[in-house]
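In what follows, a single structure is set out as structure tokens and then discussed.
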Amino acid sequence: MIVERYFEWVESAPAALRAEAAGALARTYRHGELEAPLRAEIEGALIRSLDDPHLAVRCAIAEALGSCANASPALILALAHDAPDVAEPVLARSPLLSDMELVDMVALGGVRAQVAVARRAAVSAPLAAALAEIGCADACVAL
């Protein structure tokens, strides 16, 4: 019910307010002690919000969930493959991305993706090797 009203409101809300609301929804998803059905409903709303044409909405979700350990892997992967502004906080902080996924992002992503991966708190040896081999100079410096 709450999510249905949210999407009715989103249809006419300005982008800045949609971004603020999406961020609040993502923080509730991250920190809230939610019952399974409500959590699944909010997750679906967040996934649906990834189609919003305004970057600020997706950035708000990425900032809120960037370091979330209990988010949906599908949601995190979608954020990681989005525009650089959206992907950076997820690539730099998400504990849900595997080394294999991060190596793929280093290979396929641009400078900002490579630097975000290099700045992670912990970088495994295989990931560091991939950054050194195919990463840009800025990523190597960040590593």
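The values are calculated or read from the model by the stated rules, or taken from the named source; none is laboratory data. None of these values were measured; they are calculated from a predicted model. Cβ sites come from the backbone with ideal geometry, for glycine too, and all protein chains shown count toward neighbours. When the accessible area is computed, the model is the full protein with side chains, heavy atoms only, and any ligands, DNA or RNA have been set aside. Shrake-Rupley method; radii C 1.70, N 1.55, O 1.52, S 1.80 Å.
Assorted remarks:
- Of Leu77, Leu108, Leu127, the one that fluctuates the most in a GNM where the chain has Cα springs shorter than 10 Å: Leu108
- Candidates Ser67, Ser49, Ser124, ranked by Gaussian network fluctuation over the chain, Cα under 10 Å, top entry: Ser124
- Within a Gaussian network of the chain (alpha carbon springs, distance under 10 Å), most fluctuating of Pro95, Pro73, Pro53: Pro53
- Within the accessible surface of the chain, defined with a 1.4 Å probe on protein heavy atoms only, the carbon and sulfur portion equals 58 percent.
- Alpha-carbon Rg with Dmax, taken over the chain, Å: 16.0, 50
- Based on C-alpha pairs under 8 angstrom that are at least 6 apart in sequence, segment 53-120 has a relative contact order of 31 percent.
- Between 0 and 90°, nearest 10: helix 125-134 axis offset from the chain longest Cα axis: 80
- Average accessible surface area per residue within segment 49-143, 1.4 Å rolling probe, Å²: 46
- Positive-end residue of Pro73, Ala62, Ala122, charge dipole of segment 54-125 with Cβ unit charges: Ala122
- Cα principal axis extents for segment 5-67, largest first, Å: 30, 26, 16
- Based on DSSP H segments of at least four residues, each scored -39500 (n - 2.57), the chain has a per-residue ellipticity at 222 nm of -21500 deg cm²/dmol.
- Restricting the calculation to Cα atoms, every distinct pair contributes to the Kirkwood radius of segment 35-83, found to be 11.1 Å.
- Measuring gaps between exposed loop sites in the chain (GluC sites (Glu not before Pro); DSSP loop; at most 14 other Cβ atoms within 10 Å), the longest gap, sites not included, is 36-143.
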